[in-house]
Amino acid sequence: MLAIVAVGLLLRLDVLATGWVMDDLAQRAMLAGTYPVARAPWDLFRFVDGSPAEVAALQASGSLPWWSDPELRLAAMRPLSSALTWFDFRVLGDRAALHHAHSLLWWAALALLLSRLLRRLLPARWALLTLALWVLDECHAQPLAWLANRNAIVAACFAVAALLAQLRAHERGAWSDHAMVCVSWALALAAGEYALCAVGIAIAIAATQPRDRPRARALAGMIVALLGWALCHRAWGYGGAHSAVYVDPLREPWVWTAAALQRVPLLLADLGLAIPTGLVAFSPRAAAVQAAVGVACALALLWLLRARADRLPALRWAVPATLIALVPVVSAFPSARLLLLAAIPGHVIVAGLVLEGLGPAPRSWRRSGPWFAALLLIAHVGLASVWGRRELLDIRHFAAAGDRSALAMPVDDAAAPSQQWIVLAAADPMTLLYPPRVREAHGHPLPAAWTVLSLAPGPHRLQRTGARTATLTVTGGAMLRGKVEQLFRRPDRLPAVGSSVTSGALRLVVEAVDDDGFPLRLGLESAVPLDDPSLVFLLATPQGFVRYPLAREGTSMIVPPASAPQP
């Protein structure tokens, strides 16, 4: 098992060359005191608290786009993970490679703890294959390459420690074991809500313990920790609100239920056949196919529980644990990164089926078993490892391209503090919010404000209606229809015609919407002439940002489609 963990580390050493990615830069600004609103070192995942005043302050500086919901809340309670980020910057400084090495250490600790847990729960061959499949899974790419997502690894590490402590509590029933369960769960939940995925694993394992062992009492520590976490989470105003990507099941139960019905099948297909969720979820057609595969996987799981539980007794806890583990993560947009814990019982199932298919089996299974085992191995060994490597490299290239684009931006450092940089159209999350933060991380001054007018794909028409006024119209589409845009505003709460937002020297007014209410035309009203040197107009292109000249008064011009910077 040590060899498997070592191979997993070697496969992911590329993360050491990955720099800061998106939220990493926002958290760096929080610790440097340059984020528009103050944050404590233990509260670095509260990006916006849901108050209109804070939303307006973040919009004015460009840390939120102008279309953000006035009551947008994106706040996760992760004090332990926040403290670890503070430690990194305080002790390791601005050397991103050291921060990523820190993440690799947590991942190694998680893998070693998991190997111990699997040895306790499964026969040796089954445990070994399960660990190997889990190590190769794509779900590790983002938590390792994206420092702000390290919380998933830390939460999983303490959650697995809690499951080990629970097994000891089942066996011995000592109060020290119960205390360790409670402490481990408290640390897991303090690292991140990802730990909730292990609740189903804990319950499923407890339900399969011999009747002479204290089943319910072994879960008491977990229940205490969960109650404390829930009370703090609610009392301190954490959670998501008015985002189409992050949905709070308690505040918006119907919205969450609708999202769950769409997202659970996608994640099941990823667990069942290693379909790269992060690549297809943005395509409605591909997502529909994957959802159908996911429904088939769910039906197969239920059939397996009935037909194979006698030969594969671990299915009795692995199948319900897999299904329950998906419930907490459907609050977020479907991605393989959400499956770090759900993949544990998921791979217990896959490994059991592979061993069953390749070994002696009943006559009904002899013909199809080997082919089914081969399909699973191709998916979870061949394809999953390829998807994982590809995602690691994609994140690395994404961060590097964003850095190059921001650092080559045609702006003057000396004038930056008195300027507003206005992007007519951007194309991806990195060019939407983070170019000024990239420059800040490399010692360049921040502008007075950063404003992105549109993230809609396709061309726009810019019309100068006066010395200080203009309009930007989407041609052949509308704003706020994309998943990235809807991170900040749900389609059922679109801005009405006439609504306005102040961003630096600009007042942005929604002037026209389509039949579904999505903005078509945005009006610009400036406190200074649009030709004033304090306003710098830019466009995102494959080569990076370029200065974009404005049309003369009374004329219009076509703004070509924006493009993400290329590696």
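The values are calculated or read from the model by the stated rules, or taken from the named source; none is laboratory data. The structure displayed is predicted, hence computed values, not measured ones. Don't worry about glycine lacking a Cβ; one is built from the backbone with ideal geometry, like all the others, and counts go over all protein chains shown.
Given the condition modelled with pLDDT of 95 or more, closer than 30 Å to Ala132 by Cα and basic (Lys, Arg), answer yes or no: does some residue in segment 46-55 qualify?
Scanning segment 46-55 turns up no residue that is modelled with pLDDT of 95 or more, closer than 30 Å to Ala132 by Cα and basic (Lys, Arg).
Residues of segment 10-34 being under 19 Å from Asn149 (Cβ atoms) and outside any helix (DSSP H, G or I), which ones?
Selection gives Arg12, Thr18, Gly19, Trp20, Val21, Met22.
Given the options Arg547, Arg521, name the one that is more than 23 Å from Pro495 (Cα to Cα) and among the basic types (Lys, Arg). Full working, then the answer.
On the way: Arg521 fails: more than 23 Å from Pro495 (Cα to Cα).
The match here is Arg547.
Kindly establish whether Ser176 is out of contact with any strand residue (DSSP E or B) (no Cβ under 8 Å at 6 or more places or on another chain), farther than 30 Å from Leu273 by Cα, surrounded by 21 or more Cβ atoms within 10 Å (Cβ to Cβ) and among the hydroxyl-bearing types (Ser, Thr, Tyr).
When the stated conditions are applied, Ser176 does not pass them.
Out of Leu72, Leu147, Leu64, report the one residue that is in contact with a strand residue (DSSP E or B) (Cβ under 6 Å, 6 or more places away or on another chain), hydrophobic (A, V, I, L, M, F, W, C) and under 21 Å from Leu44 (Cα atoms).
Details: Leu147 fails: in contact with a strand residue (DSSP E or B) (Cβ under 6 Å, 6 or more places away or on another chain); Leu64 fails: in contact with a strand residue (DSSP E or B) (Cβ under 6 Å, 6 or more places away or on another chain).
Sole residue among the options that is in contact with a strand residue (DSSP E or B) (Cβ under 6 Å, 6 or more places away or on another chain), hydrophobic (A, V, I, L, M, F, W, C) and under 21 Å from Leu44 (Cα atoms): Leu72.
Using the structure shown, decide if Ala156 is crowded, with 21+ Cβ neighbours inside 10 Å, touching a residue at least 24 places away in the same chain (Cβ under 8 Å), in the same structural domain as Ala108 (by TED's automatic domain parsing) and farther than 14 Å from Leu110 by Cβ.
Spelling it out, it is not the case that Ala156 is crowded, with 21+ Cβ neighbours inside 10 Å, touching a residue at least 24 places away in the same chain (Cβ under 8 Å), in the same structural domain as Ala108 (by TED's automatic domain parsing) and farther than 14 Å from Leu110 by Cβ.
List the residue pairs whose Cβ atoms are under 8 Å apart, where the first residue sits in segment 323-348 and is within 14 Å of Gly200 (Cα to Cα), the second is in a loop (DSSP other than H, G, I, E, B), and the two are 6 or more positions apart or on different chains.
Note: pairs meeting the criteria are Ala325/Leu341; Ala325/Ala342; Leu326/Ala342; Val329/Ala342; Leu339/Asp137; Ala343/Asp137.
Hey, Ala6 hits all of (1) outside the structural domain of Ser243 (by TED's automatic domain parsing); (2) among the hydrophobic types (A, V, I, L, M, F, W, C); (3) surrounded by fewer than 18 Cβ atoms within 10 Å (Cβ to Cβ); (4) in a helix (DSSP H, G or I) but one; which does it fall short on?
Among (1) outside the structural domain of Ser243 (by TED's automatic domain parsing); (2) among the hydrophobic types (A, V, I, L, M, F, W, C); (3) surrounded by fewer than 18 Cβ atoms within 10 Å (Cβ to Cβ); (4) in a helix (DSSP H, G or I), Ala6 violates only (1).
Here are the criteria: (1) out of contact with any Cys (no Cβ under 6 Å at 6 or more places or on another chain); (2) of a type outside the set (Lys, Arg); (3) at pLDDT 90 or above. Tell me which single one Gln209 does not satisfy.
(3)
Only residues that are crowded, with 17+ Cβ neighbours inside 10 Å, within 21 Å of Gln420 (Cβ to Cβ) and not hydroxyl-bearing (Ser, Thr, Tyr): list them for segment 57-75, please. Spell out the reasoning first.
Residues of segment 57-75 that are crowded, with 17+ Cβ neighbours inside 10 Å, as a first pass: 58-70, 72-75.
Then drop every residue that is not within 21 Å of Gln420 (Cβ to Cβ), which leaves 58-68.
Listed by number, the residues that qualify are Leu58, Gln59, Ala60, Gly62, Leu64, Pro65, Trp66, Trp67.
If a residue has to be in contact with a strand residue (DSSP E or B) (Cβ under 7 Å, 6 or more places away or on another chain) and either part of a loop (DSSP other than H, G, I, E, B) or of a type outside the set (A, V, I, L, M) (or both) to count, how many in segment 413-434 make the cut?
So the count comes out to 8.
Filter segment 511-567 down to residues that are touching a His at 6+ places or on another chain (Cβ under 7 Å) and in a loop (DSSP other than H, G, I, E, B), then give me how many there are. Walk me through how you get there before you give the answer.
Quick first cut of segment 511-567, residues touching a His at 6+ places or on another chain (Cβ under 7 Å) only: 559, 567.
Next, from what is left, pick out any that are in a loop (DSSP other than H, G, I, E, B): 567.
Of the residues in segment 511-567, 1 are touching a His at 6+ places or on another chain (Cβ under 7 Å) and in a loop (DSSP other than H, G, I, E, B).
Looking only at segment 444-472, how many residues end up being among the hydroxyl-bearing types (Ser, Thr, Tyr) and either on the phi > 0 side of the Ramachandran plot or over 31 Å from the mean Cα position of the chain (by Cα) (or both)? Working first, answer last.
Restricting attention to segment 444-472, the residues satisfying the condition of being among the hydroxyl-bearing types (Ser, Thr, Tyr) are 451, 454, 465, 469, 471.
From what is left, the residues that are either on the phi > 0 side of the Ramachandran plot or over 31 Å from the mean Cα position of the chain (by Cα) (or both) are 465, 469, 471.
Here the count works out to 3.
As an exercise: evaluate Ala83 against (1) of a type in the set (Gly, Ala, Ser); (2) over 19 Å from Ala188 (Cβ atoms); (3) surrounded by fewer than 23 Cβ atoms within 10 Å (Cβ to Cβ) and give the number of the one condition it does not meet.
In the conditions (1) of a type in the set (Gly, Ala, Ser); (2) over 19 Å from Ala188 (Cβ atoms); (3) surrounded by fewer than 23 Cβ atoms within 10 Å (Cβ to Cβ), Ala83 misses (2) alone.
Can you tell me which of (1) surrounded by fewer than 24 Cβ atoms within 10 Å (Cβ to Cβ); (2) at pLDDT 95 or above is the one Leu110 doesn't meet?
Status for Leu110: all satisfied but (1).
Check whether at least one residue in segment 205-225 is closer than 30 Å to Arg119 by Cα and of a type in the set (Ser, Thr, Tyr), and report yes or no.
Yes, the conditions are met somewhere in segment 205-225.
So is Pro41 in contact with a Ser or Thr (Cβ under 9 Å, 6 or more places away or on another chain), surrounded by fewer than 22 Cβ atoms within 10 Å (Cβ to Cβ) and in contact (Cβ under 8 Å) with a residue 12 or more places away in the chain or not?
In short, yes.
Provide a single number: the residues in segment 65-95 that are farther than 25 Å from Tyr194 by Cα and not in a helix (DSSP H, G or I).
Of the residues in segment 65-95, 9 are farther than 25 Å from Tyr194 by Cα and not in a helix (DSSP H, G or I).
Mind checking which residues of segment 35-64 are among the aromatic types (Phe, Trp, Tyr) and not in a loop (DSSP other than H, G, I, E, B)?
Phe47
Among the helices (runs of 4 or more DSSP H) confined wholly to segment 161-261, which include 1 or more residues that are under 24 Å from the mean Cα position of the chain (by Cα) and farther than 30 Å from Pro52 by Cβ?
175-191, 197-207, 220-235
Please go through segment 538-554 and give me each residue that is loosely packed, with under 12 Cβ neighbours inside 10 Å and in contact with a Lys or Arg (Cβ under 7 Å, 6 or more places away or on another chain), ordered by number. So that I can check it myself, show each step before the final result.
Taking segment 538-554 and keeping what is loosely packed, with under 12 Cβ neighbours inside 10 Å, we get 547, 549, 552, 554.
Hits for segment 538-554 are Arg552, Gly554.
State which residue is surrounded by the fewest Cβ atoms within 10 Å (Cβ to Cβ) when the search covers only segment 390-404 and only residues that are touching a helix residue (DSSP H, G or I) at 6+ places or on another chain (Cβ under 7 Å) and not β-branched (Val, Ile, Thr).
Here the residue is Leu393.
Here's the yes/no breakdown for (1) in the same structural domain as Val247 (by TED's automatic domain parsing); (2) more than 22 Å from the chain's Cα centre (by Cα); (3) over 30 Å from Leu312 (Cβ atoms):
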| residue | (1), (2), (3) |
| --- | --- |
| Asp43 | no, no, yes |
| Leu58 | no, no, yes |
| Gly93 | yes, yes, yes |
| Leu110 | yes, no, no |
| Arg119 | yes, yes, no |
